[in-house]
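No lab work stands behind these numbers, since they all come straight from the coordinates. All figures in this text were calculated on a predicted structure; none of them were measured in a lab. Cβ placement follows ideal geometry from the backbone for every residue including glycine, while neighbour counts extend to all protein chains displayed.
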Amino acid sequence: MDSFISHTGTALPLRRSNVDTDQIIPAVYLKRVTKSGFEDGLFAAWRSDPDFVLNQPEYSQATIVIAGVDFGTGSSREHAVWALQNYGFKVVISSRFADIFRGNSQKAGLLTVVLAQEQVEELWSAIEEDPASHVTVDLQSKNVSVKSLSFDFEIDDYTRWRLMEGLDDIGLTLNHIDQVIEFESKRPDHKPKTLPALK
Amino acid sequence: MPQLIYGQWDGRFRWLRLAPTKNVGRLLGKPGFEPICLGPLLRYSFCPYSDNAISESEMQQRALEIGSEGIFMGKTLAEKIWADHLVRSVSGEPDLIYVDLHLLHEVTSPQAFDGLRLSNRTIRRPDLTIATEDHNTPTLNIDKPIADPVSRLQVDTLRANCKEFGVRLHSLGDAEQGIVHVVGPQLGLTQPGMTIVCGDSHTSTHGAFGSLAFGIGTSEVEHVLATQTLPLVRPKTMAINVDGILPKGVTAKDVILAIIAKIGTGGGQGFVLEYRGSAIKALSMEGRMTICNMSIEAGARAGLIAPDQTTFDYLQSKPHAPTGSQWEEARAYWETLVSDPDSEFDEEIFLNAEELAPFVTWGTNPAQGVPLNSHVPIPSEISDPEERAAAARALTYMGLEAGIPLKSIKVDTIFLGSCTNGRIEDLRAAAEVLEGKKISGDVRMLVVPGSARVRLQAESEGLDQIFLAAGAEWRNAGCSMCLGMNPDQLAVGERSASTSNRNFEGRQGKGGRTHLVSPLVAAATAIRGTLSSPADL
């Protein structure tokens, strides 16, 4: 995973709430067995509408999504995160994220930033007024800024550290494998095992 | 005197809270003890003692220092299961939680297996891992190779990965093949007090047995494969109390749709939901699975129900249920899996079962639902601007006029199936409505059992003959039209009454329009061709 310290880019004002993962990438696009190539499926249904915001030339280079409340609800497909990343997005800002989507983002290195809905509205207005304006999302100082707007955001220290260092969770856990082994030694015998198969 | 309430999780974590009626106190730490402000707005604070655990007597002393009496508090069911699976807990880091059962399917696992190979890792516990093919699998001609080459590649990839890593797999054609959340319970691998994960958000289904079960992404799938654990932030707990007797014709599906409409798609975010109350206790295991299944539609990663005699009876005959003395041992443990009477939930909501009615969604998220007897909402009458805009957009997508009676809506397709309502009891309920009747001439009805075993059971009861005689299609097991990854899809503009779990735009096929309903409403709607309940027949 690449480390994330700070990112500056233009933003996509996605004025929709409840952007579920079926909208981010419909199921028919989930059939690849790699982590790349999902950009074609990103917002596939909406992109077939010429009026959709991502189809507007002024937003075509955006790298930051600014969306309505409850972004990433529904299916646990991490393909939604990969689709956003494959397309070139580095950050998603919303006033609330679905738990699984947020977890997936943090594992894959896509930064999710929670701001108050009023702040999201201010960002939308600022960007719609001048789509070329550069938004900076700084994880070091936990701040989003564009022009005269500047908003601090919260993120837990552990996740921030992992993202800034670009650390692999599995490696971190394997450092404590002795504790896993100890735990397993006390696992009750009545708990089921899948092997051997019983019918 | 303010009451300082505290509890013990595992000897390393203690937690504190002032009783809600009291509000004063500032607890200043001894060395290694973080100062905690206890004010009226702060319900409680976690206080990590990873390296500085203090004894119960010390805790009582601390209570006295702030002029309080210390009260040891019980745990909720979710907190008990969490504590029982805590491998590692350190201040400032997520808890490391042990996973008892890992379920795999073809869509969210290939990149995880690839990750293992790339880093020269292997599966830590293949004996706690099981796979099935469900999302892509066709429901017709299952004896032939999968026609869609991309779907076939994904299924073939799962087969190759399971072979390489020694994972038990139930493939198309096998009696245990089916939707992963139907397969776990029918094999008896889903048991109370377990932690269960799968790269699928409807893993919450397994919570019906009093287990902590939730969906994960592919990075987490790889993490569980490699370590059999997950780093997780402890969720909050919410009690959803449903008391009273459900009126005739009102099912588990209607209960959960009503709950989601009440708390919204984000209402359960960050929580584990515990469904409680006499109406929940009265449900069968199938009904409880329907309820827990859709916890994610309320934003909660997991939902659970305390195990009881209904749970034990269901489990006893299942292949992987413990036997003999192990059954007794297990059962003694399972009986402790209730929220203690003195435990407290972070949130609590109440529903009166007697007031519930058959429920149906009209919009494009599962919270956009109303009783079937009512009307499509009028967006201009919705006060919240965000919800108003969402409603207007949903009605445009759904091709619905505001204010019309729901029962006037004509449908094209009925889908009976999915991990929400594809179990034997669901098929029986629909068959009872359809018996001796014909479905409307202009609708098609797909009946897709949740697993090959459910299909066999239904056939042994003659349910397939009832469906076929009524004019419905009797298909093979899988996720099918719930998400339309296989050929079972809605066409553009086509409208369904579906017993599945998501009415998102395009979920059942690009441009398709979905109304979520119970199996009873699905069957009645099939007969009348418009959204209906059995009472309308």
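Sorting A:Arg96, B:Arg444 from the fewest to the most surrounding beta carbons within 10 angstrom yields B:Arg444, A:Arg96.
Under the simplified labelling scheme, the A:Glu154-B:Glu164 pair shows an inter-label distance of 4.3 nm, with each label point 7 Å from Cα along Cα→Cβ. Take each peptide in A:164-176, B:120-132, B:353-365, count the other Cβ atoms within 10 Å of every residue, and average; sorted highest first, the result is B:353-365, B:120-132, A:164-176.
Here segment B:283-385 is treated as a sphere whose radius is the Kirkwood value from Cα pairs; by Stokes-Einstein at 10 °C and 1.306 mPa s it diffuses with a coefficient of 91 µm²/s. With springs only between Cα atoms under 10 Å, which of A:Lys186, A:Lys90, A:Lys31 fluctuates most in a Gaussian network model of chain A? Top of the fluctuation ranking is A:Lys186.
Considering all different alpha carbon pairs of chain A, the Kirkwood hydrodynamic radius works out to 18.4 Å. Over 27 Å apart at the Cα level, from the set A:Lys107/B:Lys144; B:Lys248/B:Lys510; B:Lys253/B:Lys281; A:Lys107/B:Lys253; A:Lys191/B:Lys144; A:Lys35/A:Lys193, are A:Lys107/B:Lys144; B:Lys248/B:Lys510; A:Lys107/B:Lys253; A:Lys191/B:Lys144; A:Lys35/A:Lys193.
In segment B:440-537, the alpha-carbon atoms span a convex hull of 94 Å³ per residue. Peptide B:398-410 has a mean shielding of 0, counted as Cβ atoms of other protein chains within 10 Å of each residue's Cβ.
Look at the dipole of chain A built from charges on Cβ: of A:Val33, A:Pro131, A:Thr21, the Cα furthest out on the positive end belongs to A:Val33.
Distances longer than 16 Å among the Cα atoms of segment B:232-302: what percent of all pairs is that?
Details: 1073 of 2485 pairs.
Result: 43 percent of Cα pairs exceed 16 Å.
Listed from fewest to most Cβ neighbours within 10 Å, the set B:Val150, A:Val146 follows the order B:Val150, A:Val146. One chain, two ends: B:Lys410 and B:Glu461. Fully extended at 0.36 nm per residue, the span grows by 15.2 nm beyond their Cα-Cα distance.
Shape descriptor for segment A:84-123: Rg over Rh equals 1.00 (Cα atoms; Rh from the Kirkwood inverse mean 1/r).
Each peptide in B:238-248, B:171-181 receives the mean, over its residues, of other Cβ atoms within 10 Å, and ordering these scores from highest gives B:171-181, B:238-248.
What the Cβ-Cβ distance of B:Asp340 and A:Glu184 gives, at R0 = 45 Å and to the nearest 0.05, is a FRET efficiency of 0.95. About the centre of its Cα atoms, chain B shows a dipole size close to 620 debye [charges on the beta carbon of Lys, Arg (+1) and Asp, Glu (-1) only; nearest 20 debye].
Averaged across orientations, what area in nm² does the convex hull of the alpha carbons in the protein assembly as shown project?
Taking a quarter of the hull surface, the average projection is 30.9 nm².
Remark: mean inter-chain Cβ contacts per residue of B:497-507 equal 4, using a 10 Å Cβ-Cβ cutoff to other protein chain atoms. Extending 7 Å from Cα along the Cβ direction at B:Ser380 and again at B:Glu401 yields two label points whose distance is 1.5 nm. DSSP bridge analysis restricted to chain B gives an antiparallel fraction near 35%, rounded to the nearest 5.
Ordered by packing density, taken as the mean number of other Cβ atoms within 10 Å over each peptide's residues, highest first, how do A:64-73, A:118-127, B:496-505, A:104-113 rank?
B:496-505, A:64-73, A:104-113, A:118-127
Toward the positive end of the charge dipole of the protein assembly as shown, with +1 on the Cβ of Lys and Arg and -1 on the Cβ of Asp and Glu, the farthest Cα among B:Pro341, B:Ala452, B:Ser374 is that of B:Ala452. Taking only the Cα atoms of segment B:72-229, the radius of gyration and Dmax are 16.5, 62 Å. Normalised by residue count, segment B:347-479 yields a Cα convex hull volume of 160 Å³ per residue. Averaged over the residues of peptide B:227-234, the number of Cβ atoms from other protein chains lying within 10 Å of each residue's Cβ is 5.
As a test, work out the antiparallel percent of DSSP beta bridges whose residues both lie in the protein assembly as shown, rounded to the nearest 5. Let's see the in-between values first.
Numbers: 34 of 91 bridges.
Rounded to the nearest five, the antiparallel share is 35 percent.
From the largest down, chain B spans 77, 58, 43 angstrom on the principal axes of its Cα atoms.
DSSP assigns beta bridges within segment A:82-153; of those with both partners inside it, close to 65 percent run antiparallel.
Working note: Debye formula, equal point scatterers on the alpha-carbon atoms of segment B:170-308, no solvent; log10 I(q)/I(0) at q = 0.22 Å⁻¹ is -1.38.
With springs connecting C-alpha atoms under 10 Å apart, model chain A as a Gaussian network and identify which of A:Ser148, A:Ser48, A:Ser94 has the largest mean-square fluctuation. Fluctuation is largest for A:Ser148. Sorting A:Phe101, B:Phe415 by the number of Cβ atoms found within 10 Å of their own Cβ, with the fewest placed first, yields B:Phe415, A:Phe101.
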